[in-house]
Amino acid sequence: MSKILIKGGRVIDPESNLDMVTNILIVDQDIVEIGNIEPEDDMNVVDASGLLVMPGVIDMHVHLRDMEQAEKETIETGTKAARKGGVTTLFAMPNTIPQLCAAKFIQQYQELLKNARVDVHIIGAITKHLEGKELADYAEFVKLGIKFISDDGFDVNDDVLLEQAYIKANENDLTLITHPEMNNIGEDGVLNEGEVSKQLDVPGQPNAKEYEAVERGIKLALKTGAKAHFTHISTKQSIELVRQAKKESGLITADCTPHHFSLTDAEALRVGTLAKVNPPLRTEEDRLAVIEGLKDGTIDLIVTDHAPHREEDKPDDFMKAAFGISQIETSLASSITELHFNQGMALMEVVRLMTLAPAKFANLRVGRLKAGYPADIVLVDLEAERTVDRMSFVSKGKNTPFEGKKLKGWPVKTIVRGALY
């Protein structure tokens, strides 16, 4: 039996609204008591004085790669990076090679998860091989314990097929996660369409590319009665569409990323193709709209869209460089920095958006600091200010536009199911 006593930290639990300096006793994998607990000889005492003690982060949107993309990331490197960033539970997107669109591929991936250093769940594909031509077998997914489907990286172009996907998802009690993008709009766009794309003389993506897809998805969800979740929404118009839809129905949810509420497309002028991501970094107006969406509850949770790439995948040429940001090691610090320190959001609310909110969304028994719950915990130094050095990342992907940015509020220790790191 192993015992860990986290002593004297500021413990925050969004579900019970607990925010006080106290102790947490962990026995084996679970929290057994929170309160004024005296240290004993058989306890490993962790001095958390001056630190924030919060539930481990739950990330609903991660590209873990591996299999035929192991040179970009492996389950081991990706989950070690997650743990370093305070993430204790994550969901792996299906755009691996081979894609997670059939039982045999999912089972192959599940076998690889023995190398995971945090808890990993799998999101199944909407269509076979993410080609948008034929639906995957959703009943097969349910047997494997899958709750969510997505063709992330792509949207489903065919409206009739997408409607069928919503119908079949509803029949199988699956939530469809849409990467909202109308492929016939701004097809070659590599940055946000605006002053920066003009200055760099590259094709841009107008906001309509995203918000028209959100509008289409909302209509189909309301028509079919299916649950619809829109991931990494980034435009003012998309957020307003979701805001209005939520007034009509509880079927609609959405998430956003730290890079879309922390950065703008101007980063492309500073760090080049490290700032190339899909959807693109937007304008200041859009960035502030994302923050407002978080503040008023339009956006339900924060995800990373962690998308690691090799250095050679990010050449200086915007037309040739891959889309994507390696984000999982900076997500907590960047969220605390921008939302709490810069925007004045209550720390409890920032923590909720990254822990309890995704736990409830995915119906997981984590994301809380309560007796009887798994000991997934992160200790954060709110006073620690550090400049992002991408070459120090544990992830194989060093591709981040946060390079050189000062962030405040870094995780210093992570506990995964009672194991201290």
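The values are calculated or read from the model by the stated rules, or taken from the named source; none is laboratory data. Note that the structure is predicted; figures quoted are calculated from it, not measured. Note: ideal-geometry Cβ built from the backbone for every residue, glycine included; neighbour counts use all protein chains shown.
Could you check segment 228-252 and list, in sequence order, the residues that are surrounded by 21 or more Cβ atoms within 10 Å (Cβ to Cβ), in contact (Cβ under 8 Å) with a residue 40 or more places away in the chain and farther than 19 Å from Arg287 by Cα?
Ala228, His229
Could you list all residues from segment 270-322 that are within 17 Å of Gly204 (Cα to Cα) and crowded, with 24+ Cβ neighbours inside 10 Å?
Hits for segment 270-322 are Ala275, Lys276, Val277, Pro279, Pro280, Leu281, Arg282, Asp286.
Residues in segment 380-409 that are not aliphatic (A, V, I, L, M) and not in a strand (DSSP E or B): how many?
Final tally of qualifying residues: 15.
From the list Lys147, Lys198, Lys168, exactly one residue is over 26 Å from the mean Cα position of the chain (by Cα), at negative phi and of a type in the set (Lys, Arg). Which is it?
Going through Lys147, Lys198, Lys168 in turn, the sole match is Lys198.
Which residues, counting only those in segment 1-25, are touching a residue at least 24 places away in the same chain (Cβ under 8 Å) and either farther than 23 Å from Ala357 by Cα or more than 29 Å from the chain's Cα centre (by Cα) (or both)?
Met1, Ser2, Lys3, Ile4, Leu5, Ile6, Lys7, Gly8
Can you tell me which residues in segment 1-18 are charged (D, E, K, R) and more than 16 Å from Ser49 (Cβ to Cβ)?
Lys3, Asp13, Glu15
Can you tell me which condition Pro258 does not meet? The list is (1) crowded, with 24+ Cβ neighbours inside 10 Å; (2) more than 20 Å from the chain's Cα centre (by Cα), and all the others hold.
Going through (1) crowded, with 24+ Cβ neighbours inside 10 Å; (2) more than 20 Å from the chain's Cα centre (by Cα) one by one, Pro258 breaks only (2).
Return yes when Glu403 is modelled with pLDDT of 95 or more and surrounded by fewer than 18 Cβ atoms within 10 Å (Cβ to Cβ) and no when it is not.
Spelling it out, it is not the case that Glu403 is modelled with pLDDT of 95 or more and surrounded by fewer than 18 Cβ atoms within 10 Å (Cβ to Cβ).
Out of the residues in segment 16-34 meeting the condition of being in contact with a Ser or Thr (Cβ under 9 Å, 6 or more places away or on another chain) and closer than 11 Å to Lys370 by Cα, tell me which one is surrounded by the fewest Cβ atoms within 10 Å (Cβ to Cβ).
Of everything passing the filter in segment 16-34, Ile34 is surrounded by the fewest Cβ atoms within 10 Å (Cβ to Cβ).
Out of all the residues in segment 26-36, which are closer than 29 Å to Glu329 by Cβ and part of a strand (DSSP E or B)?
Listed by number, the residues that qualify are Ile26, Asp30, Ile31, Ile34.
So how many residues does segment 101-133 have that are out of contact with any Leu (no Cβ under 8 Å at 6 or more places or on another chain) and either in a loop (DSSP other than H, G, I, E, B) or β-branched (Val, Ile, Thr) (or both)?
The number of residues fulfilling the criteria is 4.
Could you check segment 37-100 for strands (runs of 3 or more DSSP E) lying wholly inside it with 3 or more residues that are under 29 Å from Ala384 (Cβ atoms) and of a type in the set (Val, Ile, Thr)?
Output list reads 57-62, 87-92.
Out of the residues in segment 230-262 that are among the polar types (S, T, N, Q) and touching a strand residue (DSSP E or B) at 6+ places or on another chain (Cβ under 6 Å), state the one that is nearest to Ile328 (Cα to Cα).
Top of the filtered list is Thr231.
Could you give every pair whose Cβ atoms fall below 7 Å, whose first residue belongs to segment 126-150 and is assigned by TED's automatic domain parsing to the domain that holds Asn183, and whose second residue is in a loop (DSSP other than H, G, I, E, B) and of a type in the set (Phe, Trp, Tyr), counting only separations of at least 6 or pairs across chains?
Leu130/Phe154; Gly132/Phe154
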